[in-house]
Amino acid sequence: MSGKTGHKSRNNEEIQTEGQPAEEAVQQTQESLDKVRDILFGAQLRDTDRRFSGLEDRFGQEFASFRDEIRKQLTSLENFVTAELSALAGRLTTETNQRNESNNNIANELRNTTQRLEGRIHEFDQQHAGAEADVRKQLTNQSNAAREELKAVHAELHALVEKLVTDLRSAKTDRTALAGLFNEMAGRLQG
């Protein structure tokens with residue numbers, strides 16, 4: 001093994017002793033390898049590069065087209081949404097105005113109805129107060145008339161009893177005459 005290692009080190013020494021620095025040798029080797037690769041794979045690499053370039057161009061065009069289409073659709077969507085929101089705002093405003101008007105009409109109707117009811121209640125109170133006064137007056141008149149009538153009946157009965165007592169004392173009539181007299185008095189009281 002030591003023989004092989006010694007051989008390699010001699011080759012490296014020969015290369016360095018020939019006056020070429022190691023870096024230049026590596027660079028030449030790299031260039032040689034690049035030429036061999038270019039010969040073997042150059043056509044494929046150029047074809048692949050051309051394809052990638054074509055794909056990049058097509059992708060860029062498609063992306064730009066896609067971006068433009070998205071912008072158009074977003075603009076269209078934005079216009080649609082704006083129009084719909086404006087229409088909804090208009091409808092909402094109209095509906096709000098209609099409801100406010102309806103509420104005002106209902107409030108006015110309630111106010112008018114309340115005023116009419118208050119007027120009717122006031123009229124009823126006045127009529128009722130007048131009717132109550134009339135009823136009281138009639139009751140008072142009837143009460144006074146009944147009192148006067150009772151006084152008259154009382155006076156009449158008193159006079160009749162006095163007469164009977166006087167007649168009894170003076171005539172001293174019998175029981176049958178007295179019963180007839182009481183019957184007559186009861187008939188007058190009932191009638």
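Answer yes or no as to whether GLN44 is exposed (fewer than 10 other Cβ atoms within 10 Å of the Cβ) and part of a helix (DSSP H, G or I).
yes
Scanning the range 112-122 turns up one or more residues that are over 24 Å from the mean Cα position of the chain (by Cα), part of a helix (DSSP H, G or I), hydrophobic (A, V, I, L, M, F, W, C) and farther than 30 Å from LEU189 by Cα. Check the range 150-170 and report whether any residue there is within 60 Å of the chain's Cα centre (by Cα) and free of Cβ contacts under 8 Å to residues at least 60 places away in the same chain. So far as the range 150-170 goes, no, none of its residues is within 60 Å of the chain's Cα centre (by Cα) and free of Cβ contacts under 8 Å to residues at least 60 places away in the same chain. Restricting attention to the range 124-155, the residues being among the charged types (D, E, K, R) and at pLDDT below 85 number 3.
The values are calculated or read from the model by the stated rules, or taken from the named source; none is laboratory data. On a predicted model such as this, the values are computed, not experimentally measured, just so you know. Virtual Cβ from ideal backbone geometry, glycine too; neighbours counted across all protein chains shown.
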